[in-house]
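Below is one structure, written out as structure tokens; comments come after it.
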Amino acid sequence: MHINQILNHSNAPIAPLLNEICHALEKLLLYHENTLIDLHSLPFSPHDITQLVEFLGKGEVEAYLYALGKSIFWETNFAGVWWIEHYNSEESLINRTIEIAYCPSILQAQTEDIQLGKQQLQQLIKSFQ
Amino acid sequence: MSDKTIGDSLREQGISRRGFLKFCATTASLLALPPAMIPQIAYALENTPRQSVIWLSFQECTGCTESLTRSHAPTIEGLIFDHISLDYHHTLQAAAGSAAERAREEAMKKNHGKYLLIVDGSIPTGNPGYSTIAGISNLDMLKEVAAGAAAIVAIGTCAAFGGLPKAAPNPTGAMSVSDLITDKPIINVPGCPPIPIVMTAVIAHFITFGKLPQLDNLNRPMAFYGQNIHDRCYRRPFYEKGLFANTFDDEGAKKGWCLYKLGCKGPTTYNACATTKWNDGVSFPIESGHGCLGCSEPQFWDGGSFYKPLSVPTIKVHDVMAYTAIAGAAVGLTVGGLNAMKKTNAVKQHETVTIDDLERK
């Protein structure tokens, strides 16, 4: 759908949101700084969200995280703009965000988990010897 | 307080760092904190010992506890409640009688000055026999437990403002927590019942920052009570266009138009129902076709009819229109022109009244 059609038929603050995303992309390119936009606190109706998803589209990457319920990540048609939906274990949506980053921060392996994994692997290797 | 931290408890359950960060991101979102605060929340939750909580229930219907315990697990509510040390809650705890009271006394002694006191229900100040626990009057128990609390959370409209028990003629002399305790930080989380996530977010904030969140003039957390229902209502555009439901089954009601004329109290009610919603995010009263009752505001039971509009013109617009039509024909003016003039006058005379104003009339 064309952006003008969306803006004309929506009561939601879609234009300021798109501007914020644009500024965040500038910040990412200049300073390598990520931005997380919380959609939960914005007055978007389910219809507005559907239109926004349609407008941003789906790009080349889609990923799933299974921790305390499922989370879905996809890069939109605009590289570096990621749509993120967190669900709980009963598959209810608990948070919806847009992250402007090279890769969503939560998708990267976390130092604490790497340390734990390394210990477990070392123990496993010991048990073979 | 238990020495085990929330981080320890989560790790014991096999929850990864990613899961923990997801939990922290959702908590930040709930508390309307900028995402940049996520690392601070993560650090505090990882390293803070489990918070001791004493929950006292006075003149109440147990609806607040129901609201909280009926939330779908394992949501944020569930996680927070799994990881605080709820040392006394006479409805939920297994112990009864003197054993239960001993648990309360022990927790008070062990965590003196550090525990969080949660109160639901109002306190009768008439005959102390109206409501007692283990032979102790509600007023005495509140004073005793409040003395050693770090802060008090008044959950539900009864504890925050007196609620239903305080409604005229207030037979028990019901009072709110802040009417009786003045030397402790008190946060009001009103609602009948309050939204579960608001209750747990307040606890999460206290655990994270060691203090209460930013409050409004009625001591309610700004993150949830900072905006009124009307401003966040998805039916608001219909209000702007002047499209209203006039009865619960007319065309306007079927089309989902604004419920203002059916007595919706959204414009004077500060709460998060329109964005947080109820029943695991399914809907909120206005989405289900009924106006807001204003349950998170003081004296909502005595605020006049739930079905009377908040703001009414001082003259009857419809009658004026009819007279205008007759007068217009008699003096040769166009009906349209007079209508426009009378309409302008009606708009000028259209005064906004609050619940308090309605009560006075």
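Observations on the structure shown:
- Here the Karplus relation 6.51 cos²θ - 1.76 cosθ + 1.60, evaluated at θ = phi - 60°, turns the backbone of segment A:107-120 into coupling constants of 6, 5, 4, 9, 3, 4, 5, 5, 4, 5, x, 5, 4, 4 Hz, with x for every Gly and Pro.
- Of the peptides B:279-285, A:66-72, the ranking by mean beta-carbon count within 10 Å, highest at the top, reads A:66-72, B:279-285.
- Prolate/oblate/rounded label for segment B:140-211 (Cα gyration tensor, a/c 1.5): oblate
- The mean count of C-beta atoms from other chains within 10 Å of the C-beta of residues in A:93-99, rounded to a whole number, is 4.
- FRET efficiency for residue B:279 and residue A:129, using Cβ-Cβ distance with R0 set to 45 Å, rounded to 0.05: 0.20
- Segment B:117-240 shape via C-alpha gyration tensor axes, a/c threshold 1.5: oblate
- Against the main long axis of the alpha-carbon atoms of chain A, helix A:14-31 sits at an angle near 50°.
- Reciprocal mean inverse distance between Cα atoms of segment A:3-128 - Kirkwood radius, Å: 16.5
- Set A:70/B:277; B:109/B:166; B:166/B:254; B:254/B:308; A:70/B:265 screened for pairs whose C-alpha atoms are more than 26 Å apart: B:109/B:166; B:166/B:254; A:70/B:265
- In segment B:229-310, the alpha-carbon atoms span a convex hull of 87 Å³ per residue.
- Averaged over peptide B:11-23, the number of partner chain Cβ atoms lying within 10 Å of each residue's Cβ comes to 6.
- Cα gyration tensor shape for segment B:40-192, rounded if a/c is under 1.5, else prolate or oblate: prolate
- Take each residue in A:103-110, count the other chain C-beta atoms within 10 Å of its C-beta, and the mean is 3.
Every number here is computed from the coordinates shown, using simple stated rules; none is lab data. Keep in mind that what you see is a predicted model, and the values were worked out from it rather than measured. So basically every Cβ, Gly included, is an ideal-geometry build from the backbone, and we count neighbours across all protein chains shown.
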